[in-house]
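Some notes on the structure that comes next.
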Amino acid sequence: MRAALLFILSLCSFSIFAASELTIFDHLGQKHQFSREQLLLLPQKEITTSLPWLDGELVYSGVALQTVLETKDLTMASQVTFVALNDYKIAVPKEDFDDYQPIIAIKQNGQFMSVREKGPYWLIYPLSSTPDIDNTDFHAKMIWQIRDIHL
């Protein structure tokens, strides 16, 4: 009984750890993994915005995708595909990162986001400061529970 309980706990620990890793696949399919701690060491940006799924304005902090890619000398393709923990996928055009500077959010109001709170990573656009993108097309791009990024 005790061995079974320890086994179940180890599986839970592994799934929590796996969920906090962000994996980027480059143009050759090579895998680059980033821990939350590694991402936190990079320059952080903040976006204060309201979102259609939550009440009020919230402060999101995280990293720009360009910053993450620079650490591995990776280049962004014309479309970047994000994949969530539930296998939801969305392709985001490269121009969005230049024009609107969304971030891969790690924290909401200074707190790490759990999977239940749409974490551990969430692509956040500045909807409040750029009202012309506050529409369903951009809402669909704001993928949460990001697991993988394909360049």
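Candidates in the stretch 104-139 are the residues that are of a type in the set (A, V, I, L, M) and within 13 Å of Leu51 (Cβ to Cβ); of these, the one that is surrounded by the fewest Cβ atoms within 10 Å (Cβ to Cβ) is Ile133.
Does the stretch 73-132 hold any residues that are in a helix (DSSP H, G or I) and closer than 27 Å to His27 by Cα, and which are they? If you could, list the steps in order and put the result at the bottom.
Residues of the stretch 73-132 in a helix (DSSP H, G or I): 94-99, 115-117, 131-132.
Within the stretch 73-132, Lys94, Glu95, Asp96, Phe97, Asp98, Asp99 qualify.
The rows are residues; the columns are (1) among the hydroxyl-bearing types (Ser, Thr, Tyr); (2) at pLDDT 95 or above; (3) farther than 16 Å from Phe138 by Cα.
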site: Ser35; (1), (2), (3): yes, yes, yes
site: Gln44; (1), (2), (3): no, yes, yes
site: Asn86; (1), (2), (3): no, yes, yes
site: Glu95; (1), (2), (3): no, yes, no
site: Ile104; (1), (2), (3): no, yes, no
site: Gly110; (1), (2), (3): no, yes, yes
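State all residues of the stretch 59-72 that are crowded, with 17+ Cβ neighbours inside 10 Å and outside any helix (DSSP H, G or I); if no residue qualifies, say none.
The first filter runs over the stretch 59-72 and keeps only residues crowded, with 17+ Cβ neighbours inside 10 Å, leaving 60-65, 68-69.
Of everything in the stretch 59-72, those that are crowded, with 17+ Cβ neighbours inside 10 Å and outside any helix (DSSP H, G or I) turn out to be Tyr60, Ser61, Gly62, Val63, Ala64.
Right, Leu6: modelled with pLDDT of 95 or more and more than 14 Å from the chain's Cα centre (by Cα) or not? No: the conditions fail for Leu6.
The values are calculated or read from the model by the stated rules, or taken from the named source; none is laboratory data. Keep in mind the model is a prediction, meaning the values are calculated, not measured. In this analysis, Cβ positions are derived from the backbone assuming ideal geometry, glycine residues included, and neighbour counts consider all displayed protein chains.
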